[in-house]
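Structure, as structure tokens:
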Amino acid sequence: MSNIIEVAGAAKSFGKESVLKSVDFTVKKGEILGLLGPNGAGKTTLIRILNGVITPDQGTIRVAGFDPVTEGDEIRKISGIVTENAGLYHEMSGLDNLKFFAELYKVQDKSEIDRLLKLFDMEEYQHRPAGTYSTGMKKRLALAKALLHKPEILFLDEPTNGLDPDGINLVLSYLKKYNEETGTTIIICSHVLHQLETICDSFAFMENHTIAEQGSLSELTEKYITELSVVIETDWPGRNGMDIVKDGFLRCRVKSKREISSLLKEILQTHSVYSVSIENISVETIYFKIREAHHG
Ligand SMILES: Nc1ncnc2c1ncn2[C@@H]1O[C@H](COP(=O)(O)OP(=O)(O)OP(=O)(O)O)[C@@H](O)[C@H]1O
């Protein structure tokens, strides 16, 4: 897969505060990438630079072949963005907001508005002023707005903030489906790591104002998880070095997945195994390992 976004040596300061330092970063065309990092790491600033809303002090940046410093308009034509500040007109109804932006983005197919209202379960509220919407409803309207012109790249800053569990599932499963059907590249900033795990193809971790690490879950697991913690539901009593998690559940530590297989074969010779899970392969575990590695 080719890269749709390439960033080399990007830097940005606000006054004396250095917010981005020598950022190198790539996004493959068609992937869903999770951009992670603690508060203030510079995620939103990076997204705003990629979208051409603010200019970097240094660095070479290409988004779909365009330079955001000089060709921001071109990038905004082919991208959609959802941020905390959704850019909605609060006195206008949800429907009128979508009509307004459809006009602005020169969307030919007006039936797209109805489709998106339906998709995000907003039909009932479409005539109410957007300012009276709940946070979750505003978020869904902002997503609908960002998708109106069928963008090639979607930038989403905390897209599930303020949504209830049904809303979160709705938005995440829709994003995944949209990505699969259209090949749209999606960049999502979020602090809710387990949500990202289900939909992202790869992850970039910001630490100390730069991209500290980037890769797929399996690449990062290979690098950061040196020992697997496996929980086995079994009637086997276990042996030294294994913990009993609770009645009938054993925890053991192995160096590789291959070792799990030989251990299970051994147990199954005399006992039963009812379930097996690896506890510590998760974006969250890797996130903390990376933070640890960069803070010594
Ligand atoms: N326009 C601006 N003027 C001055 N400082 C800014 C501006 N925009 C961002 N900053 C500062 O840059 C730093 C990084 O902010 P940014 O919003 O990019 O972080 P973030 O990683 O998105 O954080 P969060 O997870 O809290 O959203 C913060 O200290 C913020 O105060």
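Only helices (runs of 4 or more DSSP H) wholly contained in region 1-104 count here; list those with 3 or more residues that are among the aliphatic types (A, V, I, L, M). Break it down stepwise before answering.
Working: elements: 43-50, 72-77, 94-104.
Correct list: 43-50, 94-104.
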Open item on the list: Condition first: hydrophobic (A, V, I, L, M, F, W, C) and either open to solvent by less than 10 Å² (accessible area, probe 1.4 Å) or within 16 Å of the ligand (Cβ to nearest atom) (or both). Now tell me which residues in region 97-112 satisfy that.
Closed with: Leu98, Ala102
- [ ] Can you run down the residue pairs with Cβ atoms below 8 Å, 6 or more apart or on separate chains, where the first is in region 197-209 and in contact (Cβ under 8 Å) with a residue 60 or more places away in the chain and open to solvent by 20 Å² or more (accessible area, probe 1.4 Å) and the partner is of a type in the set (S, T, N, Q) and within 16 Å of the ligand (Cβ to nearest atom)?
- [x] His209/Ser18
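How many residues are among the acidic types (Asp, Glu) and under 16 Å from Ser272 (Cβ atoms) if we restrict to region 235-259?
Narrowing region 235-259 to residues among the acidic types (Asp, Glu): 235, 243, 247, 259.
From the residues that got through so far, the ones that are under 16 Å from Ser272 (Cβ atoms) too are 235, 247.
Of the residues in that region, 2 qualify.
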TODO: Filter region 34-72 down to residues that are away from the ligand (no atom under 15 Å from the Cβ) and touching a strand residue (DSSP E or B) at 6+ places or on another chain (Cβ under 6 Å), then give me how many there are.
DONE: 8
- [ ] Please determine, by comparing only the residues of region 73-86 that are within 16 Å of the ligand (Cβ to nearest atom) and over 17 Å from the mean Cα position of the chain (by Cα), which one is least open to solvent (accessible area, probe 1.4 Å).
- [x] Ala86
Task: Only one of Gly42, Gly94 that is at positive phi, at pLDDT 90 or above, crowded, with 17+ Cβ neighbours inside 10 Å and touching a Leu at 6+ places or on another chain (Cβ under 8 Å) - done: Gly42
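The values are calculated or read from the model by the stated rules, or taken from the named source; none is laboratory data. All values derive from a computational prediction rather than experimental measurement. Virtual Cβ from ideal backbone geometry, glycine too; neighbours counted across all protein chains shown. Note: accessible area is taken over every heavy atom of the protein model, side chains too, but ligands, DNA and RNA are not part of it. Shrake-Rupley method; radii C 1.70, N 1.55, O 1.52, S 1.80 Å.
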